[in-house]
Amino acid sequence: MKNVIERLSGGRQEHIDRLVEWLRIPSISTDSRRNGDVRQAGQWILDELSASGFDARLDETAGHPVCFASWTQAADAPTVLIYGHYDVQPPEPLELWRHGAFEPTLEGENLIARGATDDKGQVLALVRGVCGVLQEQGSLPINVKFLIEGEEEIGSPNLAPYIESHQEELAADVAVIADCSQFGPGMPAITVALKGLVYLEIFVQGPNRDLHSGSFGGSVENPANALTRILGSLRDEEGHITIPGFYDRVRDLTTEQRAAFAELPFDDEGYRDELGVPQLHGEAGWTTLERKGARPTLDINGLLSGWTGEGAKTVLPAHASAKLSMRLVADQDPKEIEALVTEHLHSLCPPSCTMKVSTHHGAEPVLVERNSEWLEAAARAIEKGFGKAPVYIHEGGSIPVVSDLKRILGIDTILLGLGLPDDNAHSPNEKFHLPDYQRGIETIAWFLDEVAP
Ligand code: BES
Ligand code: ZN
């Protein structure tokens, strides 16, 4: 391993240069005008893998292509499937970026660009680490497959069918994903829970056209008033969700889990100040970390109605709509919650309006099996790569593929986090801390060594 680590460490600048090149490709999966760029980003990682000795190809799906690559010449050795995504979130609002979102810029030890941490930087760390081992040793100690998709940020709509139809090729003993974060600087982590997701859009229709609010107000319901009344009733003042049946399947935290949460150093005041809010907010009876990681939530993600241009327009709008999402925890079932919430919304629609509810994407909550040799091997690898043993954390984000891998291939996933909580994923000035990029590259090399027969 000494030679491997020396090679990886000597390649520091090249690792960065390659990442910068990949980050320049604006692979925004939700924007159909960027379809060509998305494909190019998939092709880019394919080229990177095949140049290093992997069998790699781009497979078509009904949406953006999947990059699949494998090196499977290690007889009688385990197989690890590494998943990542090469698509990114839209960069807007552009005016808040200090540099172009797709013009990667170094600020001290951080690289600033959309996708830097989520997920190009993290997935490239795993690719560079594995490929470095292959180049140094001429072979890998275990079998490695890569599944790198271009639709994670839009809910992976075509990935489950892809996995279904490539089950044999994707067969593995365990999956590894680096698309999370550390607990904080100098505190590497393994994520043991992710939240699930149900994302709905609600349309409320009032009169057949916008009306003069003086002439007509008071005689027809305003759909914006109706919708906000409905939305306002979905949670109480502390954020406890009031939809009947919503909590029925929520698994309570065990005493050990609550103790583990309490052991993590967390500064509520610092968190409050960093976010610029006068006070934190959330369900009574739970700590901030528990609210973030282990309790379901409901948030309005977008709200649209009436006059939003400059100045005032006295209008009674014809329609109002909202985007609404719920983050779920084990053992809530997204399909069941979707049906329950949709029915509840309809029951709240006043007879003076009509309502339509449609579903965007979803994901199942994830709870990782804690007593596993794979997890222990990952912890030892992190300790070698980061110089510090990991803590175990619950994250509020979602990664749809994890439950697909379990359901279809029967495998568990190890969730590594190379990023930091303040990396600005999905926000302006997304960053990746380059020393952690390097540590991640070395950690995956150690992991291969740890799980080798
Ligand atoms: N990297 C995130 C998931 C994540 C976020 C893990 C925070 C741990 C902490 C991932 O790329 C993501 O953003 N997923 C989406 C999934 C959705 C579109 C189905 C999310 O969580 O919003
Ligand atoms: Zn993301």
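The values are calculated or read from the model by the stated rules, or taken from the named source; none is laboratory data. Computed from a predicted model, the values in this text were never measured in an experiment. Ideal geometry is used to build each Cβ from the backbone, glycine not excepted, and the neighbour counts take in all protein chains shown. The accessibility values were calculated without ligands, DNA or RNA, using every heavy atom of the protein model including side chains. Shrake-Rupley method; radii C 1.70, N 1.55, O 1.52, S 1.80 Å.
For the chain, give the share of DSSP beta bridges that are antiparallel, in percent and rounded to the nearest 5; count only bridges with both residues there. Antiparallel bridges: around 70 percent, rounded to the nearest 5. Would you mind pulling out the separation of the Cα centroids of region 284-339 and region 188-208, in Å? Between the Cα centre of region 284-339 and that of region 188-208, the gap is 7 Å.
Taking the chain on its own, what percent of its Cα-Cα pair distances exceed 27 Å? Every Cα pair in the chain considered, those over 27 Å come to 57 percent.
The mean accessible area for residues of the chain, using a 1.4 Å probe and ignoring ligands and nucleic acids, is 45 Å² per residue. Straight-line cross-link partners of K335 among the lysines, defined as a Cα under 25 Å from its Cα and at least 8 positions apart when in the same chain: K195, K292, K323, K356, K406.
Provide Rg over Rh for region 94-170; use the alpha carbon set for both Rg and the Kirkwood Rh (inverse mean inverse pair distance). Working shown, then result.
On the way: Rg = 16.8 Å, Rh = 15.5 Å.
Over the Cα atoms of region 94-170, Rg/Rh equals 1.09.
Only protein atoms count toward the accessible area here, which uses a 1.4 Å probe; on the chain, the carbon and sulfur part of that area reaches 48 percent.
So what's the convex hull volume per residue for the Cα atoms of region 39-84, in Å³? Walk me through the numbers before you get to the answer.
Working: hull volume 3.6 nm³, N = 46.
Hull volume normalised by residue count: 79 Å³.
Converting phi to 3J(HN,Hα) with the Karplus coefficients 6.51, -1.76 and 1.60 and the offset θ = phi - 60°, region 186-201 yields x, 10, x, 9, 10, 7, 10, 8, 10, 8, x, 8, 10, 10, 10, 10 Hz in sequence order, with x at every glycine or proline.
Put simply, the convex hull of the Cα atoms in region 76-118 casts, on average, a shadow of 4.6 nm². By the helix-only formula, in which each DSSP H run with n ≥ 4 contributes -39500 (n - 2.57) and the sum is divided by residues, the chain has a 222 nm mean residue ellipticity of -10000 deg cm²/dmol. Compactness of region 362-453 is given as radius of gyration and Dmax, 14.5, 44 Å, from Cα positions. Calculation over all alpha carbon pairs of region 1-112 in 5 angstrom steps from 0 returns a P(r) of 2, 10, 15, 19, 19, 15, 11, 6, 3, 1, 0 percent.
Please give the charge dipole size of the chain, origin at the Cα centre, charges +1 on K and R Cβ atoms and -1 on D and E Cβ atoms. Round to the nearest 20 debye.
The dipole magnitude comes to about 640 debye.
Gyration tensor analysis over the Cα atoms of region 75-230 returns equivalent ellipsoid semi-axes of 46, 23, 14 Å (largest first, whole Å).
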